[in-house]
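To keep things clear, I will list the structure first and then write my remarks on it.
The values are calculated or read from the model by the stated rules, or taken from the named source; none is laboratory data. Predicted, not measured: the structure shown is a model, and the values here were computed from it. With ideal geometry, Cβ positions are generated from the backbone for all residues, glycine too; neighbour counts draw on all protein chains shown. Ligands, DNA and RNA are stripped out before the accessible areas are found, and what is left, the full protein with its side chains, is counted by its heavy atoms. Shrake-Rupley method; radii C 1.70, N 1.55, O 1.52, S 1.80 Å.
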Amino acid sequence: MGANKLFGTNGIRGLTNKELTPEMAVKIGSAIGTFFKKKNLLLGHDARTSGPMFAKAVTASLVATGCNVYFAGMAPTPALQYAIKNHCIDGGVIITASHNPPEYNGIKVIWKDGIEISHEQEIEIEKIYFEGKQVFAEWNKLGATHELPTVNDEYVEAIKKHVDVSEIARKKIHVVVDTANSVGSLAAPRLLRELNCKVTTINANIDGTFPGRMPEPRPENLTELARIVRAVDADLGVAFDGDADRAIFVDEKGEIHWGDKTFALIEKEFLIRNPNEKIVTPVSSSTLVKDVADAYSGEIVWTKVGSVTVSQTMKAIKAKLGGEENGGVFYGPHQAVRDGSMTTALILEIMAKAGKTLSQLIAEQPQYFIEKGKIECPEDKKDKVLQKLLGQVQGLNISTIDGVKIWFEDKSSILIRPSGTEPIYRLYAEAKSPEKARKLVEEYSLKLEKILKTL
Ligand code: MG
C-alpha cells in the first residue's frame, strides 16, 4: 500500500494494526460500499485472529453506506466466491491474506460473478478512498445485516456435481489433508469423506495463529505432510494455503509436486473431453502446460503473473480452464477462480479413472528441471535493464507480457521478471536437464549484471 494505492496484485494486504488498522478498514469499507451503491454484499473471512475484528469494521461501514451485508462467517475464499454467484448477490468482501503469515490480513473485493473486481474497478475504489468521496446513507436508509451460515455446505455440494462421485468412491482413496489450521478445514475433509476417501487430517483445528505451519504451501512448509503420507501409507497428500484457493499435492511416495505438474494432469483430462478449448496460464508456467495443449488440441493463452489476471482473461475470452504453477487451478464449469477443493476433487477423479497413482501419472508427463536465481537491481533501473535486455534477445522466441520470457528450440526457457515488491530481478529457467537449467540462469544473470554496469 503506497501513496494513492490500496490494492496490490491480490487485493489489499498489510500487517494487522500496523499497515492495516480497523480505522482504515472502516474507511476502505465505506469506499467499497460507495462503489457498489446500496447493493447486497456477502462478507466472510479466513481463520486469522484479526478476521472477526476486520469483518465487523468493514460490515459497519458497508451498512453505513446503505449496503445490505450477508455475513457468511469463516469460509474458504472459493466457497465465498461461489456463494455470491449461487445466491445472486451483487458482490462481496473477503477478509483474508491468503498465503501470508498470520500477522497479516487483507481485503478482497468480489464482483457479482464471483471473480475479483478488475484493476479499473480497484482504481475507482481507491479514488473514493483517497479523495474522501464516501457517500453515507440517511439514518433511516442504513443497510441491514443478515446471516448466511450455509455457504460451506453449498460449496461442497457444488463441487461434487463436477466429478464422477461413484467412480472416486469405488477406489476408497486414502488422502492426508493439511489445511494449515485455516478455513480449508471447513470444506475439504468433509468433501473427501463424501467422496468415500479415507481421510487423515493434519493441522485441521482452526487456529488463527497458524501453529502447524506457515500458510503458503511451499515445499519447505510441507515436509510434515510428506512424512505423514509415507508413515500412514496414504495414496495422496494435499495441502492448502490460508484461504484454501490453492492446492499442492504429495504423491504416495511422499514426493511434493509443484502446481504446474498437477495442473497439466487436469489440463490433459479437460482437453480430452473438450478439444480445441483455450487454456489460460501465466508466463511463469512450465512448458509442460504448452506440451499438453499441443498434444491434446488445446490453445495456450499466456498472461501476466497473477490470479486476478487469469480469472479476468478467462472471463474476457470465455475460456473454461486456467492454472498457475503455485497450485491455483481455475475450473470454469464450477467457477473461473482458484479453488483448492475443486482441484482436489479433479485430481482424485483422474487417479480413480486411470487406476494409477499420482507418481505414475506424473512420471508419464514430459519432465522438466527448474532452476531459480535473482539479481539485485534498483527500482529506478528496472525498466532500463529490461529495455537493454530486449535489445539483446531480438530474433528469439520471446514474450514480453510480464518481464521477458524466452523459449528456446531445445524446449528450455527462461523468465526474467522484475519483483513487484523487492529491488530485484527474478530468473526462472526450465530445461530438459538440470545442468542446462543452471547454465541458463548463470548466462542470463551475467547478461543482467553486465547491463547494470553500463547504467
Ligand atoms: Mg490463497
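Can you report the principal axis dimensions of segment 239-382 using only the alpha carbons, biggest first, rounded to whole angstrom?
Taking the Cα atoms of segment 239-382, the three principal extents are 54, 36, 32 Å.
For residue 438 and residue 21 in the same chain, what is the full-extension length gain: residue separation times 0.36 nm, less their Cα-Cα distance, in nm? Before the final figure, lay out each step's value.
Numbers: separation 417, 0.36 × 417 = 150.12 nm, distance 4.37 nm.
Gain on extension, residue 438 to residue 21, equals 145.7 nm.
Carbon and sulfur together cover what percent of the accessible area of segment 313-455 at a 1.4 Å probe radius? Walk me through the numbers on the way to the answer.
Working: 3420 of 6620 Å².
Carbon-and-sulfur percentage of accessible area, whole number: 52.
Which pairs, out of 161/268; 320/381; 304/356, put more than 27 Å between their alpha-carbon atoms?
Numbers: 161/268 20 Å; 320/381 39 Å; 304/356 34 Å.
The pairs that break the limit, which is 27 Å between Cα atoms, are 320/381; 304/356.
So, in nm, how far is label residue 214 from label residue 383 when the simple model puts each one 7 Å beyond its Cα toward the Cβ?
Distance between label points: 3.3 nm.
Using the charge dipole of the chain (Lys, Arg: +1 at Cβ; Asp, Glu: -1 at Cβ; taken about the Cα centre), state which of 215, 408, 82 has its Cα farthest towards the positive end.
So the residue furthest toward the plus end is 408.
In debye, nearest 20: dipole of segment 106-233 around its Cα centre with unit charges on the Cβ of K, R (+) and D, E (-)? Provide the component values of the computation, followed by the final result.
On the way: 17 positive and 21 negative charges, 141 e Å.
I would put it at about 680 debye.
Report the extension gain between residue 147 and residue 315 in nm, rounded to one decimal, defined as 0.36 nm multiplied by the number of residues separating them, less their alpha carbon distance.
Numbers: separation 168, 0.36 × 168 = 60.48 nm, distance 2.97 nm.
Length difference between fully extended and current span is 57.5 nm.
Ignoring any ligand, DNA or RNA, what whole percent of the accessible area of segment 1-154 comes from carbon and sulfur when the probe is 1.4 angstrom? Write out the running numbers ahead of the final one.
Details: 3550 of 6360 Å².
About 56 percent, which is the carbon plus sulfur part of the accessible surface.
May I have the convex hull volume per residue, in Å³, for the Cα set of segment 246-314? Don't skip to the end; give the middle numbers.
Working: hull volume 6.4 nm³, N = 69.
In segment 246-314, the Cα hull volume divided by residue count equals 93 Å³.
When the dipole is taken about the Cα centre of segment 289-370, and only Lys, Arg (+1) and Asp, Glu (-1) are charged at their Cβ, what size is it in debye, to the nearest 20?
On the way: 8 positive and 8 negative charges, 52 e Å.
My answer is approximately 260 debye.
Want the number for residue 103 to residue 421: 0.36 nm per residue separation, take away the alpha-carbon distance, what's left? The partial results should precede the final answer.
On the way: separation 318, 0.36 × 318 = 114.48 nm, distance 1.81 nm.
Going from the current span to full extension adds 112.7 nm.
Would you work out which of 205, 146, 238 lies farthest towards the positive end of the dipole of segment 129-245? Charges go on Cβ: Lys and Arg +1, Asp and Glu -1.
The one lying farthest along the dipole's positive direction is 238.
Quick check for you: with a 1.4 Å probe and neighbouring chains kept, what is the accessible area per residue of segment 97-143, in Å²? Intermediate results must be reported in sequence, preceding the final value.
Details: 2450 Å² over 47 residues.
With the other protein chains kept in place, segment 97-143 gives 52 Å² per residue.
Among the lysines, which fall within straight-line cross-link reach of residue 384, defined as a Cα-Cα distance under 18 Å, with same-chain neighbours fewer than 8 residues apart omitted?
Candidates past the 8-residue exclusion: 374, 405, 447, 450, 453.
Near residue 37, which lysines are there with a Cα under 27 Å away, not counting those fewer than 8 places off in the same chain?
Excluding near neighbours in sequence, the set is 5, 27, 56, 85, 108, 112, 127, 133, 141, 315.
Using Cα centres only, tell me the gap between segment 1-64 and segment 90-129 in whole Å.
8 Å
Sort 92-102, 231-241, 196-206, 354-364 by the packing proxy (mean of other Cβ within 10 Å over each peptide's residues), most packed first. Let's see the in-between values first.
Details: 92-102: 25.2, 231-241: 22.5, 196-206: 17.8, 354-364: 14.9.
Ranked by mean Cβ neighbours within 10 Å, highest first: 92-102, 231-241, 196-206, 354-364.
Note down the net charge around residue 29, summing +1 for each Lys or Arg and -1 for each Asp or Glu among other residues with Cβ under 12 Å from its Cβ.
Numbers: positive: 27, 56; negative: 23.
Once positives and negatives cancel, what remains is +1.
How large is the charge dipole for the chain, taken about the Cα centre, if only the Cβ atoms of Lys, Arg (+1) and Asp, Glu (-1) carry charge, to the nearest 20 debye?
Working: 58 positive and 59 negative charges, 88 e Å.
It works out to roughly 420 debye.
Tell me which of 323, 166, 53 sits at the most positive position along the dipole axis of the chain, charges placed on C-beta atoms (Lys, Arg +1; Asp, Glu -1).
Farthest towards the positive end: 323.
How do 82-88, 407-413, 178-184, 50-56 rank on mean C-beta neighbours within 10 Å, highest first? Could you put the intermediate results ahead of the total?
On the way: 82-88: 19.4, 407-413: 15.4, 178-184: 29.9, 50-56: 21.0.
With the highest mean Cβ count within 10 Å placed first, the list reads 178-184, 50-56, 82-88, 407-413.
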